[in-house]
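Each remark here refers to the structure printed beneath this line.
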Amino acid sequence: MPSTDSPQRLIVGITGASGAIYAQRLVQLLVAANIETHLVVTPLGQRLLHDELGMEGIDLPALAGHDASQDLPTDRFFLHNYRDVGASIASGSFTHDGMIVIPCSSNTMSAVANGSAQNLLHRAAHVTLKERRRLVLVHRETPLSLVDIRNMQAVTEAGAIVCPASPGFYMLPKTIDELVDFLVGRVLDLVGVPHDLNVRWAQPKP
Ligand SMILES: Cc1cc2nc3c(=O)[nH]c(=O)nc-3n(C[C@H](O)[C@H](O)[C@H](O)COP(=O)(O)O)c2cc1C
């Protein structure tokens, strides 16, 4: 983990599991927090951005929550081609403060569990593990097969954190956005990004 209080540079992977809204909210908060953000999206991840958020292509302003009047911070917000396994984030020499795969499909979790690198996202995750950096997999599938469960065990033993996309209800959410913020807030906690999202349980006073 970084020596500074808050991470400076993070990688975000988006795969073809349901929950594109989690990715959008996370990216929006990272960009707003001025964290250098490196994005890689699988083809099925792109399809989910379209199917669930109505996005045409990988719409960086929409992911960052920017409107037409706002310039994207091109010096600290980067999109990498998922095919380019020679991109900077494929190398262990590219220092960073963690990688989050959100949402993470069972397919990608299997690739991470088995150390295969069929695309840049897999390779960046593998490198994150080998360099002993933080890797958070926001897995979404239900129910789980024994294969998924074994892959979860394997990635956990290798040093990753499996953070299932299963928001809690004890903060009494009223909207989908509140449910999304609960999960994204827990993810931000795992990579050390300060936030004021409503995730902290406090025992009600009697
Ligand atoms: C609409 C849609 C929803 C999907 N939802 C999930 C899901 O929630 N979890 C999952 O593991 N796979 C899901 N899949 C299947 C994955 O997209 C598929 O396994 C794909 O190969 C994943 O590739 P990737 O890991 O490279 O993104 C979904 C596919 C589609 C088209």
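A short reminder: the numbers here are calculations on the coordinates, not readings from a lab. Since the model is a prediction, treat every value here as computed from it, not as a measurement. Cβ: placed from backbone, ideal geometry, glycine included. Neighbour counts: every protein chain shown.
The range 42-122 gives an Rg/Rh value of 0.98, both radii derived from C-alpha positions and Rh following Kirkwood. Of interest is the spacing of the C-alpha centroids, which for the range 11-35 and the range 148-204 amounts to 13 Å. Annotation for Gln28 and Leu60: the two label points, set 7 Å from Cα along the Cα-Cβ direction, are 1.9 nm apart.
Mind giving me the FRET efficiency for Arg47 and Asn114? R0 is 22 Å, r the Cβ-Cβ distance, nearest 0.05 is fine. Don't jump to the answer; show the numbers that get you there.
On the way: r = 23 Å, r/R0 = 1.06.
My answer for the efficiency is 0.40.
Extension gain, Leu72 to Thr156: 0.36 nm times the residue separation minus the Cα-Cα distance gives 26.7 nm.
Hey, what's the Kirkwood Rh for the range 103-206 if you take every pair of different alpha carbons, in angstrom?
Hydrodynamic radius (Kirkwood, Cα pairs) of the range 103-206 is 15.0 Å.
The chymotrypsin sites (Phe, Trp or Tyr not before Pro) found in the range 109-206 that occupy coil by DSSP, while having at most 12 further C-beta atoms within 10 Å, are Phe169, Tyr170, Trp201.
For the range 9-190, what does the equivalent ellipsoid look like in terms of its semi-axes, each the square root of 5 times an eigenvalue of the Cα gyration tensor, given largest first in whole Å?
In descending order the semi-axes read 23, 21, 15 Å.
Under the criterion of Cα pairs below 8 Å and six or more residues apart, the relative contact order for the chain equals 22 percent. Taking trypsin sites (Lys or Arg not before Pro) across the range 64-162, the ones in a DSSP loop with at most 14 further Cβ atoms lying within 10 angstrom of their Cβ are Arg83, Arg132.
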